[in-house]
Protein chains: 2
Amino acid sequence: MDAVQDEAAGKRARGLDRAFEILDFLRHKRQALKPNEIAAQIGAPRSSVYELVNLLLRNGILEFTGGEGRVYLGRKLYFLGAAYENHFDFTRECEATLEHLADETRETAQFCMLDGNKYTVVRMREGARPFRISTDIGQSVPIPWTASGRLLVAHLSDQEILNFIPPEDFRLPSSEWLEPQTFIAEVRHAEREGFFTFNSIVDSFTHCFAVPVRDDEGHIAGTLCLVTPRDDGLANRDRYLACLKKAAADLNQTPTRQKRA
Amino acid sequence: MDAVQDEAAGKRARGLDRAFEILDFLRHKRQALKPNEIAAQIGAPRSSVYELVNLLLRNGILEFTGGEGRVYLGRKLYFLGAAYENHFDFTRECEATLEHLADETRETAQFCMLDGNKYTVVRMREGARPFRISTDIGQSVPIPWTASGRLLVAHLSDQEILNFIPPEDFRLPSSEWLEPQTFIAEVRHAEREGFFTFNSIVDSFTHCFAVPVRDDEGHIAGTLCLVTPRDDGLANRDRYLACLKKAAADLNQTPTRQKRA
DNA sequence: TGTCTATGTCCAATATATCGTACATATGAT
DNA sequence: ATCATATGTACGATATATTGGACATAGACA
């Protein structure tokens, strides 16, 4: 019930899909698990999971860790991820930009992207405040819950947006229902304005700012965000937006471009 | 003829294994390739490669990039790799240690690990010299070609070492043959001494220093290395070794330990 | 024009991967 | 002692994934 793997009932799952379901599951659990536990929690046949886990262990994609036969993501994944990061060399500039933003505003600055059909924080820099606001990086969050979400799906048509976002993700953490048409209207508005800001819907004390970061072809590849206390956000709105836009413009110079190509 | 996937002839390859063969191949090529090219270069059936590439694209493991239908490693791999890095939180301390080492010695400092049955540079910090010595990170190199290699296989028995290292890797870049027994003797010597140094066999002007970094269970998880011009290396041998050992001791305090567990 | 290579799609045959089930063991509760 | 649960292994049946080859298209070249 986590990923997109159901389709019709009574069908066999493909090994590759299940394998990556296991990897994603471990990623979100953020801890080593026994094959048995994995099978139970993702609702897959135990024998299949044992088979796949052994295959992945042999390939270095999973590793034994934590004892008792528990497994977690393996070193090979680190190497592959590093190769991706090296190819699309956004990290270095991104880090510098976030640091600059956080210094300038004293607020928490984030770089966010889509992970499949969810939103995720890729990099974060906490602001210089006595009480700092931070989030877990790498966690998947429903797109409609976030300011960035309004920008990250802007390249899709209305219908594509509805197909792309799982319907249950329009149910907000407050258990309120966000009408998809309302969301789409906000997407179009954000697209035209070039930014989106609102009082966060995942809590009651933060205000969020998001501006788009575009890739070579002009598509929105990610967003730069500020997460601030509500009063600060409202008080400094214009200045913060200006900072964000300038930072994004810098990033757009040399964004997700390949180093060698 | 690249990975370990042949076994007997006439057998079908398992999708999962081939998939990771494709990923590793792209990683080492360090560029986007067409499915057709991938198939030709790894010697796999074209139809299989197209099928697998499409599956991997759907999962975000591969991405279209570079145009003309070329594919490269995808964002999902970055997320998975980041989760690994987060779990085994060696990166931050490692980076600081390397910086310190490079400052102290003005030489190039590296952190190296095994990638399957090859050696690879995980992190590197270039020294402060007019002519700096550097290497590609993430590239696979035969274990016997490197100083670190003597330490990274020290936990294996003689026979296990022979089984682990592909025989052709004892053929040095100079086309000389390194007798496996000689290599093993060097491994045992390095193990006892707690370091290994030599004039590099991959070029004619560098001297290499390597000391082990151990994980919680005392196994060698990686190495810290210095790569220096030969004369500097010989002249400062004792000091450099002392720096390395001190740095490794620092890393061993909080090495590849899980943050939450 | 005809021929070659490079590229991608489609399809049927069969080798095999997935999955249900049974089995083995340990641990803890009743 | 008996039962229930958690964990890992073994194996056969069958749904299907892998594969070779046919087919289509486009460009290069002579």
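The values are calculated or read from the model by the stated rules, or taken from the named source; none is laboratory data. Computed from a prediction, not measured in an experiment: that's the story for all the values here. Note that each Cβ is placed from the backbone with ideal geometry, even for glycine, and that neighbours are counted across all protein chains shown.
Data overview
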item: Count - residues of segment B:64-88 that are surrounded by fewer than 21 Cβ atoms within 10 Å (Cβ to Cβ) and within 16 Å of DNA strand C (Cβ to nearest atom); result: 7
item: In segment A:14-70, residue modelled with the highest pLDDT [restricted to those that are of a type in the set (Val, Ile, Thr) and part of a loop (DSSP other than H, G, I, E, B)]; result: A:Ile61
item: Condition check for A:Asp215: within 24 Å of B:Arg75 (Cβ to Cβ) and among the acidic types (Asp, Glu); result: yes
item: Residue pairs meeting the criteria (Cβ under 8 Å; at least 6 apart or on separate chains; first touching a residue at least 40 places away in the same chain (Cβ under 8 Å), in segment B:19-43; second of a type in the set (Ser, Thr, Tyr) and buried (at least 20 other Cβ atoms within 10 Å of the Cβ)); result: B:Leu26/B:Tyr72; B:Gln31/B:Tyr72; B:Ala32/B:Tyr72
item: One residue from A:Thr97, A:Thr120, A:Thr105, A:Thr91 being away from DNA strand C (no atom under 16 Å from the Cβ) and touching a Ser or Thr at 6+ places or on another chain (Cβ under 6 Å); result: A:Thr120
item: A:Ala248 in contact (Cβ under 8 Å) with a residue 12 or more places away in the chain and in the same structural domain as A:Val121 (by TED's automatic domain parsing); result: yes
item: Check on A:Thr135, touching a strand residue (DSSP E or B) at 6+ places or on another chain (Cβ under 8 Å), surrounded by 21 or more Cβ atoms within 10 Å (Cβ to Cβ) and not basic (Lys, Arg); result: no
item: Wholly within segment A:82-191, helices (runs of 4 or more DSSP H) carrying at least 2 residues that are over 17 Å from the mean Cα position of the chain (by Cα); result: A:91-105, A:158-164
item: Selection status of A:Leu52, within 18 Å of B:Asp17 (Cα to Cα), facing chain B (nearest Cβ under 8 Å), in contact (Cβ under 8 Å) with a residue 40 or more places away in the chain and not small (Gly, Ala, Ser); result: no
item: Residue count for segment B:71-107, restricted to those that are more than 30 Å from A:Gly116 (Cα to Cα), touching a strand residue (DSSP E or B) at 6+ places or on another chain (Cβ under 6 Å) and within 14 Å of another protein chain (Cβ to nearest Cβ); result: 1
item: Complete set of residues in segment A:23-46 that are within 14 Å of chain B (Cβ to nearest Cβ), buried (at least 18 other Cβ atoms within 10 Å of the Cβ) and in contact with a Phe, Trp or Tyr (Cβ under 8 Å, 6 or more places away or on another chain); result: A:Leu26, A:Arg27, A:Ala32, A:Leu33
item: Residue selected from segment B:22-63 under the condition more than 21 Å from A:Phe88 (Cα to Cα) and of a type in the set (Val, Ile, Thr), by the criterion nearest to DNA strand C (Cβ to nearest atom); result: B:Val49
item: Which listed residue, of B:Asp231, B:Asp250, B:Asp238, B:Asp203, is surrounded by fewer than 19 Cβ atoms within 10 Å (Cβ to Cβ), of a type outside the set (Phe, Trp, Tyr) and assigned to a loop (DSSP other than H, G, I, E, B); result: B:Asp203
item: Residues located in segment B:73-88, provided they are in contact (Cβ under 8 Å) with a residue 12 or more places away in the chain and farther than 11 Å from B:Ile22 by Cβ; result: B:Gly74, B:Arg75, B:Lys76, B:Leu77, B:Asn86, B:His87, B:Phe88
item: Residue satisfying condition, being of a type outside the set (Ser, Thr, Tyr), modelled with pLDDT of 95 or more and farther than 23 Å from A:Asp216 by Cα, within set A:Arg132, A:Arg171, A:Arg150; result: A:Arg171
item: Considering residues of segment B:7-21 that are more than 10 Å from DNA strand C (Cβ to nearest atom) and of a type in the set (A, V, I, L, M) only, the residue surrounded by the fewest Cβ atoms within 10 Å (Cβ to Cβ); result: B:Ala9
item: Evaluation of B:Phe198 against (1) over 28 Å from A:Glu63 (Cβ atoms); (2) over 19 Å from the mean Cα position of the chain (by Cα) (one fails), failing number; result: (2)
